[in-house]
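Student: One structure follows; several queries about it will come next.
Readers should treat all values here as calculations from the given coordinates under stated rules, not as data from a laboratory. Please read all numbers here as calculations on a predicted model, not as lab measurements. Here the Cβ positions follow ideal geometry from the backbone for every residue, glycine too, while neighbour counts run over all protein chains shown.
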Amino acid sequence: MSFDLYVWHESESITADDARIKLERWADGQPDVFDAHSRVPALRAALLEMFPPLENLSIDDIDDLGVWSYTPEPSDYVLAISCVWSRADEVGSAVLRLAAEHGLVCYEPGFHVLNPNAPGYAPPFTLSSAVSPTVPDPDDKRLDWTVRRLSAGDFYAVLERADGWYAQVGYGRSAGVPTGTYALEHREGSAERHFRTETTDVVEAVRFFQEFRAGTDEWRRRHVWRPLG
C-alpha cells in the first residue's frame, strides 16, 4: 500500500476538484494540462536529498532508508510522489513543507485535499494538529482520520474558520482529561466566548468537527458547554 501526492505550479488559485480534473486529464495523455516551472525539479532535488533514490541504496539499506514505492521521476511539469505507507507521515510532512517553500500546489488524492500555496486563495477552514502541517479545506474523511488518530503524542487538533472562530478536539492527559476522553472546545472571537465539554465517544468528537465545518448548530445542543477563561 502506498501514499501518493502530486506537486506542480499554479499561477492562479484552484480548488481540490480542479486539481483532480487536471490529474485525470494528464493521466489520459493530455500534454498541456500543466505548465513547466523550474521549482518543480528544484523540489524533487530537495526531496531526494532528504530521502535518497531507491537506486542509490543497497539491499541492506532499503528497509531503514528506503521510503519510496518508486523514486519520483524527473519532470519540469508535475512531480508524482509515491511512498510506502509506513513512512507516509514523515514524507507527507516534508513534501508539504517543501511545496510551501517553493510556492507549489500539493494534491493528495486519497483524501481529496489540495494544499494550494497559490496566489489569491483563502480557504474557509484550515485543520492543524500538534504534529501535523496545516491542511486547508479538510473534508469529512480527513476530519474523521485526524480525530481518530489523536494520541498522547499528537494530542489535539484545531479546525479554524477564516474569521478566526475555531473548534478544537484534545485527547487524554495532555489535554487535561483522562486517557480515553476527548476535550471538545469552541471559541467565537473573544476569550469570553470560549467553551468546553468532554466526551468518551470518538464518533461524537468527529461529529463535532464535521458539524462545525458544515455550519450547523446540532453540536451546541447535544452537550452542556462550560465557559473557559
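Student: Quick one: helix 88-102 against the long Cα principal axis of the chain, what's the angle to the nearest 10°, folded into 0 to 90?
Tutor: Relative to the chain, helix 88-102 is tipped by roughly 80 degrees.
Student: By the gyration tensor of its Cα atoms, with a ≥ b ≥ c the square roots of the eigenvalues, what is the shape of segment 125-227: rounded for a/c under 1.5, prolate for a/b over b/c, or oblate?
Tutor: Taking the square roots of the gyration eigenvalues as a ≥ b ≥ c, segment 125-227 is rounded.
Student: Order these by the 10 Å Cβ neighbour count, fewest first: Tyr171, Tyr121.
Tutor: Neighbour counts put them in this order, fewest first: Tyr121, Tyr171.
Student: Based on the alpha-carbon gyration tensor of segment 2-115 and its eigenvalue square roots a ≥ b ≥ c, which shape applies: rounded if a/c is under 1.5, prolate if not and a/b is larger than b/c, or oblate?
Tutor: In terms of gyration-tensor shape, prolate.
Student: Output the 0 to 90 degree angle, nearest 10, between the alpha-carbon long axis of helix 16-27 and the longest principal axis computed from the alpha carbons of the chain.
Tutor: On a 0 to 90 degree scale, this one is about 20.
Student: So how far apart, in nm, are the two label points at Val202 and Ser58 if each is 7 Å from Cα heading toward Cβ?
Tutor: 4.1
Student: Order of Cys83, Cys106 from fewest to most other C-beta atoms within 10 Å?
Tutor: Cys83, Cys106
Student: Right, next: To make sure I understand, if each residue's beta carbon is the centre and we count other beta carbons within 10 Å, what order do Met50, Met1 fall in, fewest to most?
Tutor: Met1, Met50
Student: Let's test the formula: R0 of 22 Å, r as the Cβ-Cβ distance of Ser13 and Arg97. What FRET efficiency results, to the nearest 0.05?
Tutor: Using R0 = 22 Å, I get an efficiency of 0.65.
Student: Taking 0.36 nm per residue of separation and subtracting the Cα-Cα distance, what length does fully extending Val84 through Tyr121 add?
Tutor: Full-extension gain reported as 10.2 nm.
Student: Here's something else I'd like to know. Send over the Kirkwood Rh of segment 51-209, from the inverse of the averaged 1/r over different Cα pairs, rounded to one decimal Å.
Tutor: Across segment 51-209, the inverse of the average 1/r is 17.6 Å.
Student: Report the extension gain between Ile21 and Met50 in nm, rounded to one decimal, defined as 0.36 nm multiplied by the number of residues separating them, less their alpha carbon distance.
Tutor: Computed gain between Ile21 and Met50 is 7.4 nm.
Student: So, in nm, how far is label Thr216 from label Asp28 when the simple model puts each one 7 Å beyond its Cα toward the Cβ?
Tutor: Inter-label distance under the simple model: 3.5 nm.
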